[in-house]
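Okay, structure first, notes after.
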Amino acid sequence: MSDPSIRTPGWRFLSMLRHRRSAEPRGQSLVEFAMLLPLLLVLLLGVADFGRVFQAGIVIESASRAAAEAGALEYLRTQEDRAAYPGPLADYYAQIHEMASRSACAEARILPNTTYSSGTCPTWPAVVVCVHDLVDPACDGAPVSGYSAGPSQCTGMDDPWITDTDSQGHAYVEVRVCYHFTTLFNLNLSLPFGAGISVGDVYIQRKAVFTVADY
């Protein structure tokens, strides 16, 4: 019988060859996983960002509707005061604008990036208001004190204001809201022919109107 403790050079070579072959699949799997990991992370973060931006859009939509309703109800509640308002009507309408802006600010304060402070939002969300009754002198896209109209990326805030009443002659309140949404990751990818992909900052804009009740 041969002594198993004796190892010939040929046996050592075969043992090393078997070990190398068994290690090759593991090494190849690690390389493939390392190549796919960034793509998987991008997909995962993309799904998460899609859900976050969808939720933020719902909140801003709700904030604009609530603000328009609050402004319309305040306009209706103070109709007798408006007829006998002692000061300039611009001051009266500024109160309506502030009421609506405060409502939008309070509704949106649950979102990140908002600058809610003592009932106002100096930066985010940006809020502008107009009372469409043929009288409001502040339908120019300017925010009330303590609020902002947003940067140039909030393009919808500068759209022309139609200060007329609705088709039936009813006054209504219009509120425009813009919110700066930041994604979980920033991606700036240049593509051929001047194209590219840029992900990182999204400006969510919503507009809502609410008709003043005519009792």
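The values are calculated or read from the model by the stated rules, or taken from the named source; none is laboratory data. Quick caveat: nothing in here was measured; it's all calculated off a predicted structure. Virtual Cβ from ideal backbone geometry, glycine too; neighbours counted across all protein chains shown.
So Val131 passes all but one of these: (1) buried (at least 18 other Cβ atoms within 10 Å of the Cβ); (2) in contact with a Ser or Thr (Cβ under 8 Å, 6 or more places away or on another chain); (3) under 22 Å from Thr78 (Cβ atoms). Which condition number does it fail?
Failed condition: (2).
Would you mind stating whether Glu98 is assigned to a helix (DSSP H, G or I), of a type outside the set (S, T, N, Q) and in contact (Cβ under 8 Å) with a residue 24 or more places away in the chain?
Here the answer is yes, as Glu98 does meet what is asked.
Only residues that are at pLDDT below 95 and of a type in the set (Ser, Thr, Tyr): list them for the stretch 121-147, please.
Within the stretch 121-147, just Ser145 meets the criteria.
Take Met157 and decide whether it is more than 20 Å from the chain's Cα centre (by Cα) and either part of a helix (DSSP H, G or I) or acidic (Asp, Glu) (or both).
Spelling it out, it is not the case that Met157 is more than 20 Å from the chain's Cα centre (by Cα) and either part of a helix (DSSP H, G or I) or acidic (Asp, Glu) (or both).
Going by what's in this entry, would Asp158 be described as over 22 Å from Ser62 (Cα atoms) and either exposed (fewer than 14 other Cβ atoms within 10 Å of the Cβ) or in contact with a strand residue (DSSP E or B) (Cβ under 9 Å, 6 or more places away or on another chain) (or both)?
Taking the combined requirement at face value, the residue does not satisfy it.
Of everything in the stretch 75-90, what is in contact with a helix residue (DSSP H, G or I) (Cβ under 9 Å, 6 or more places away or on another chain) and free of Cβ contacts under 8 Å to residues at least 40 places away in the same chain? Give them in sequence order.
Once the filter is applied, which keeps residues that are in contact with a helix residue (DSSP H, G or I) (Cβ under 9 Å, 6 or more places away or on another chain) and free of Cβ contacts under 8 Å to residues at least 40 places away in the same chain, the stretch 75-90 yields Thr78, Asp81, Arg82, Tyr85.
Can you tell me which of (1) assigned to a loop (DSSP other than H, G, I, E, B); (2) loosely packed, with under 15 Cβ neighbours inside 10 Å; (3) of a type in the set (A, V, I, L, M, F, W, C) is the one Ala90 doesn't meet?
(1)
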